Amino acid sequence: PAQKHSDNNNMGGGTAAKEHPVEYFCASSVAAVVNYPLWRASALGQSGFRVCLAGANPLISNAASSFPALVPYFYAFSPPYKGMMATVMGMSWARAAIFYGSDRGKEVLESMGVSNTMSTVLPPLVVSTAVQCINMPLVRATITLQNPESPVRNIRESLRKIHASHGLSGLWHGTSAGILKTVPKYVTAVVVKDYVGKALPPVDPTSPNKDRDNLINSAIKSSAAGVAGAVLTNPLDVIRNEMFKTNLGLTDAVKALHKELGWDFLVRGMSKNIVAVSIPVASTIFFTDAFIQYTNSREDC
């Protein structure tokens with residue numbers, strides 16, 4: 001079809017997003033599964049939870065004592081994986097909705113004559129805001145569950161504990177910081193993805209190495225998008241997680257963090273967050289491109 005290779009800035013090398021919702025969801029799911037331990041390490045670091053490996057496997061405990069900075073990672077990769085299924089499912093549908101909604105929304109707006117800038121920025125702005133509001137109770141419950149000192153065993157208990165302690169509104173506590181963090185992250189990721197996609201040299205459709213070249217371009221633009229989104233929003237991740245941990249409001253959480261750490265709170269957990277945020281975002285974009293490319297190649301045969 002003429003539309004199939006019309007815009008090389010869309011995920012999938014220009015394939016219309018409406019043709020591939022399954023590929024978007026599958027890519028997001030794979031990225032969520034692969035990156036769950038990294039997300040867990042980031043949640044521990046940004047929330048300031050105290051990690052203890054006293055009861056862990058001796059090999060892990062010995063390795064952690066030799067590399068204390070890596071303790072959150074040793075813990076994150078070790079069982080029990082509390083709330084893993086709910087976390088993975090929440091991440092899967094959320095990222096799929098944001099990236100599919102962003103690409104599909106761009107197609108629709110451009111077909112209506114809306115400018116390229118508005119078509120690029122508006123869909124991720126709207127979709128990521130909606131997703132954050134819907135997903136907030138699950139986000140708070142999964143992050144709260146990662147506290148190693150908490151007796152809570154699963155997502156259901158975590159949701160009940162939050163509701164019992166803070167009421168129904170407590171499940172959406174931190175939404176303001178979550179939106180301030182999530183929306184810019186995905187808007188930035190989508191804008192950078194499209195910008196880098198335009199800046200990269202186009203792939204020759206007649207080249208015998210076109211599939212490889214498309215994946216190389218995808219790896220470059222997805223990496224740039226992931227890192228940009230992670231660095232920009234780290235301070236808001238820290239604030240949101242502090243609100244979850246203390247149940248303070250946005251302003252009070254910022255004041256508490258500044259009192260405890262000074263302005264260093266802006267970079268608390270930065271290294272872990274770059275890994276935990278940039279890799280899932282980058283891998284979601286890359287896997288989507290790869291899955292769509294694979295689907296297209298089968299259809300062309």
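The one condition from (1) outside any helix (DSSP H, G or I); (2) touching a Leu at 6+ places or on another chain (Cβ under 6 Å) that VAL187 does not meet is (1). Of all residues in the range 245-263, those satisfying the criterion of being on the phi < 0 side of the Ramachandran plot and of a type outside the set (A, V, I, L, M) are LYS245, THR246, GLY249, THR251, ASP252, LYS255, HIS258, LYS259, GLU260, TRP263. Under the condition of being more than 23 Å from SER297 (Cα to Cα) and of a type in the set (A, V, I, L, M), which residue from the range 214-227 is surrounded by the fewest Cβ atoms within 10 Å (Cβ to Cβ)? Among residues in the range 214-227 that are more than 23 Å from SER297 (Cα to Cα) and of a type in the set (A, V, I, L, M), the one surrounded by the fewest Cβ atoms within 10 Å (Cβ to Cβ) is VAL227. Would a scan of the range 7-18 turn up a residue that is in a helix (DSSP H, G or I), more than 26 Å from ASP237 (Cα to Cα) and modelled with pLDDT of 70 or more? Yes - at least one qualifying residue is present in the range 7-18. Among the residues of the range 124-173, those that are farther than 17 Å from GLY90 by Cβ, part of a helix (DSSP H, G or I) and open to solvent by less than 50 Å² (accessible area, probe 1.4 Å) comprise PRO124, GLY170. The set of residues in the range 178-191 being open to solvent by less than 40 Å² (accessible area, probe 1.4 Å) and within 14 Å of LEU236 (Cβ to Cβ) consists of GLY178, LYS181, THR182, VAL183, LYS185, TYR186, VAL187, THR188. Residue check: is LEU200 modelled with pLDDT under 85, among the aliphatic types (A, V, I, L, M) and within 27 Å of THR117 (Cβ to Cβ)? When the stated conditions are applied, LEU200 does not pass them.
Return yes or no: is PHE244 under 19 Å from the mean Cα position of the chain (by Cα), closer than 26 Å to THR144 by Cβ and of a type in the set (Phe, Trp, Tyr)? Taking the combined requirement at face value, the residue satisfies it. Tallying residues that are under 11 Å from GLN146 (Cα atoms) and either modelled with pLDDT under 70 or not charged (D, E, K, R) (or both) within the range 73-86 yields 6. Selection of the range 240-263 for residues being surrounded by fewer than 17 Cβ atoms within 10 Å (Cβ to Cβ) and not in a helix (DSSP H, G or I) yields ASN247, GLY249. Could you tell me whether the range 148-169 includes any residue that is under 17 Å from the mean Cα position of the chain (by Cα) and either among the acidic types (Asp, Glu) or closer than 14 Å to LEU248 by Cα (or both)? Scanning the range 148-169, I find no residue that is under 17 Å from the mean Cα position of the chain (by Cα) and either among the acidic types (Asp, Glu) or closer than 14 Å to LEU248 by Cα (or both), so the answer is no. The set of residues in the range 99-120 being under 18 Å from GLN132 (Cα atoms) and open to solvent by 50 Å² or more (accessible area, probe 1.4 Å) consists of TYR100 alone. Consider the range 264-292 and keep the residues that are within 14 Å of VAL22 (Cβ to Cβ) and over 15 Å from the mean Cα position of the chain (by Cα). The one that is most open to solvent (accessible area, probe 1.4 Å) is PHE291. Exactly one residue out of ASP194, ASP211, ASP237 is part of a helix (DSSP H, G or I) and surrounded by fewer than 17 Cβ atoms within 10 Å (Cβ to Cβ), and it is ASP211.
The values are calculated or read from the model by the stated rules, or taken from the named source; none is laboratory data. Every value quoted in this text rests on a predicted model; they were computed, and no experiment measured them. Here the Cβ is made from the backbone with ideal geometry for all residues, glycine too, and neighbour counts use every protein chain on show. Side chains included, ligands, DNA and RNA excluded: accessible areas come from the protein's heavy atoms. Shrake-Rupley method; radii C 1.70, N 1.55, O 1.52, S 1.80 Å.
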